Amino acid sequence: MSREVTHTATGPKIVTPDDIDDEKGDVAICLCGLSEAYPFCDGSHRRAEGEDPDERYKYVDGERRRISIEFVDE
Ligand code: FES
């Protein structure tokens, strides 16, 4: 499985001690690309459960959509 994620940031997020979760004592960085609190994990990765490993997805308004990618020569 894979999913297409659209990023709009044009620079890095500097992680500081203030980003540490007070309850858990850690910093969880989102690797699924679905977090509403990106770059931090907010549990949204649970929406990716059940994705077919042979498919590619994009999440639109929270809904999973299966997509295909076509590369166009420049
Ligand atoms: S890893 Fe992306 S929301 Fe948790």
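The values are calculated or read from the model by the stated rules, or taken from the named source; none is laboratory data. A quick note: this is a predicted structure, and the numbers were derived from the prediction, not measured. Here the Cβ positions follow ideal geometry from the backbone for every residue, glycine too, while neighbour counts run over all protein chains shown. Ligands, DNA and RNA are stripped out before the accessible areas are found, and what is left, the full protein with its side chains, is counted by its heavy atoms. Shrake-Rupley method; radii C 1.70, N 1.55, O 1.52, S 1.80 Å.
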Q.
All but one of (1) more than 12 Å from the chain's Cα centre (by Cα); (2) without any contact (Cβ under 8 Å) to a residue 40 or more places away in the chain hold for M1; state the number of the condition that does not hold.
A. (2)
Q | Every residue from segment 54-74 that is within 12 Å of R3 (Cα to Cα) and either open to solvent by less than 100 Å² (accessible area, probe 1.4 Å) or outside any loop (DSSP other than H, G, I, E, B) (or both) | A | E55, R56, Y57, K58, Y59, V60, R64, R65, R66, I67, I69
Q: Hey, could you check segment 18-48 for residues that are over 16 Å from R3 (Cα atoms) and of a type in the set (D, E, K, R) and say which is least open to solvent (accessible area, probe 1.4 Å)?
A: D19
(Q) Of everything in segment 22-45, what is more than 6 Å from the ligand (Cβ to nearest atom) and either in contact with a Cys (Cβ under 7 Å, 6 or more places away or on another chain) or of a type in the set (K, R) (or both)? Give them in sequence order. (A) K24, A28, I29, Y38, P39, F40
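Answer with yes or no whether E51 is open to solvent by 50 Å² or more (accessible area, probe 1.4 Å) and part of a loop (DSSP other than H, G, I, E, B).
Details: open to solvent by 50 Å² or more (accessible area, probe 1.4 Å): no; part of a loop (DSSP other than H, G, I, E, B): yes.
No.
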